[in-house]
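Heads up, the thing below is written out as structure tokens.
The values are calculated or read from the model by the stated rules, or taken from the named source; none is laboratory data. Fair warning: this is a prediction, and the values are worked out from it, not measured in the lab. FYI the Cβ positions are ideal-geometry reconstructions off the backbone, even for glycines, and counts take in every protein chain you see. Accessible surface areas use protein heavy atoms only, side chains included; no ligands, DNA or RNA. Shrake-Rupley method; radii C 1.70, N 1.55, O 1.52, S 1.80 Å.
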Amino acid sequence: MAFKNDDDKSAYWRENLSLLAKLLVVWFAVSFGAGILFAEQLNAIQFFGFKLGFWFAQQGAIYVFVALIFVYMAKMNAMDKRYGVDEE
């Protein structure tokens, strides 16, 4: 379960940090953007009887966060296999 060389190790961590940055941007956009910045515009839309901006602030951001955890898990498992450091 070790890297074959230092280049693979650097590429793995560079790819890992890139994935983390992308997922954090999505989380920030949903939680801060949809829940706070664009809440008034989104409140014009009804979702299950609630205003959409309110829903994102109360529930939607949490659902997106949980979904991002599963996306991260799947991407990291694929990356681990690609670099040969997966748990067999």
- request: Specify the angular offset, from 0 to 90 degrees and rounded to the nearest 10, of the alpha carbon long axis of helix 61-83 from the longest principal axis of the alpha carbons in the chain.
  value: 20 degrees
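For segment 7-83, what % of the accessible area comes from carbon and sulfur atoms, probe 1.4 Å? Before the final figure, lay out each step's value.
Values: 3840 of 5460 Å².
Ligands and nucleic acids excluded, carbon and sulfur give 70 percent.
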task: May I have the pair-distance distribution P(r) for segment 7-83, computed from all Cα-Cα distances with 5 Å bins from 0 and rounded to whole percent?
output: 3, 16, 20, 17, 13, 10, 9, 6, 4, 2, 0
message: Suppose all protein chains stay in the model; what accessible area per residue would a 1.4 Å probe give for segment 7-83, in Å²?
response: 71 Å²
- request: With label points built 7 Å along Cα→Cβ from the Cα atoms of residue 21 and residue 75, find their separation and express it in nm.
  value: 1.2 nm
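Would you tally the net charge around residue 11, using a Cβ to Cβ cut-off of less than 14 Å, leaving residue 11 out, and scoring K and R as +1, D and E as -1? Provide the component values of the computation, followed by the final result.
Values: positive: 4, 9, 14, 82; negative: 6, 7, 8, 15, 80.
Overall, the nearby charge balance is -1.
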- prompt: What relative contact order, as a whole-number percentage, does the chain give when Cα pairs under 8 Å and 6 or more residues apart are counted?
  reply: 36 percent
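Give a quick list of chymotrypsin sites (Phe, Trp or Tyr not before Pro) in the chain that DSSP marks as loop, anything other than H, G, I, E or B, with at most 13 other Cβ atoms within 10 Å. The partial results should precede the final answer.
On the way: sites: 3, 12, 13, 27, 28, 32, 38, 47, 48, 50, 54, 55, 56, 63, 65, 70, 72, 83; in loops: 3, 38, 48.
Here the sparse-neighbourhood loop sites are 48.
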